[in-house]
Amino acid sequence: MTRRVPCRLASLLLLLAVLLPTHFAWSHPIDSSSLTLTEISDGRFTVNWLTTSPTLMRELAQPAVFPKHCRLDDAVLNCGARGLTGPIELPWLAGSETRVMLQIDWHSGSRLVRVVDGRSPRLTVYGTPVSSGLQFLKPIAIDYTRLGMEHILTGYDHLLFVLAITLLVRKGKQLFASITAFTAAHSLTLAATVLGWLWLPPAPVETVIALSIVLVCAECLRPADSLAHRAPWLVTFVFGLLHGLGFASALIAIGLPETHVPSALLFFNVGVELGQLVVIAVFVGLASLMARSKRPPITSRALIYAMGGMAAFWTIERGLTVFAN
């Protein structure tokens, strides 16, 4: 009797880990504040600050602290020959729940869009590197690796797919090969989409991504002689191509530094991989603890059904969006 309580508790925690993040993702409010900088001539930008909060509009004289070499006069930001490079800080955001969409449009047609919040109330704009060597890569590496990790850890459909593969593949070498194939595949389509070589409508892509989770969960319940069990690396490679398109949509929405697209792309992908490895390590660790109980198979089946059910709901919801358009 004493072993059943930990087993049931572990089952409940795993189910909550699947279901609760989705609930929070749906219920989190979206802030309507925005700061838009539009280049009107070399190094000169108009500044447009909009917010639905009367308090912010009334009490905030200047919405941001711009790089030291830039000067703000009558809603026009003049950065001179150096251009808009360096940190843009919103110190009043620190510790608050407010989010601000910060958008920069250059007259060359390039655009950078980022959501800034209380956890990280600043945005670094990367220009032509002044320092020698590879020192200029440091802020790009930090920013985009973090963004990649945040995306995979808050991208619940991608997370469920990785967890489903971990449940499908029980052997260490096969799991390593499967995750490597998934990595290679989504890296290809991520790069191809961001560099403008490939494009597919987001709505069908997101629908098929959700469907891929349903199919892998179904394979987890099938006998071990199916193709997914015999060659899981092939399945993860095919579906990885689709997931890469989803990663690309997120990265394009975030924005890329105008002069360092390949570097940002590389480190964003590194962040995604680190996030995946963290999730797999935690999940395998939990599974090892649960394996000591008397009923791990029932726990695994319950988790598979919960994940598959949630993914099926996403598939229907996103599919309706496709047909509605």
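When you go through 248, 181, 191, 228 one by one, which is the residue that is over 30 Å from residue 113 (Cα atoms), in contact with a Leu (Cβ under 7 Å, 6 or more places away or on another chain) and of a type in the set (Gly, Ala, Ser)?
After ruling out the rest, the residue left standing is 228.
Can you name every residue in the stretch 82-114 that is at positive phi and free of Cβ contacts under 8 Å to residues at least 24 places away in the same chain?
95, 109
Report, by residue number, each residue of the stretch 39-81 that is among the β-branched types (Val, Ile, Thr) and touching a residue at least 60 places away in the same chain (Cβ under 8 Å).
Within the stretch 39-81, 40 is the sole residue that qualifies.
Residues checked against (1) of a type in the set (A, V, I, L, M); (2) surrounded by fewer than 22 Cβ atoms within 10 Å (Cβ to Cβ); (3) farther than 25 Å from residue 317 by Cα:
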{"position": "166", "(1), (2), (3)": "no, yes, yes"}
{"position": "206", "(1), (2), (3)": "no, no, no"}
{"position": "212", "(1), (2), (3)": "no, no, no"}
{"position": "216", "(1), (2), (3)": "yes, no, no"}
{"position": "226", "(1), (2), (3)": "no, yes, yes"}
{"position": "232", "(1), (2), (3)": "no, no, yes"}
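Computed from the coordinates by the stated procedures, all read-outs in this text should not be read as laboratory data. Being a predicted model, the structure only gives us computed values, none of them experimental. With ideal geometry, Cβ positions are generated from the backbone for all residues, glycine too; neighbour counts draw on all protein chains shown.
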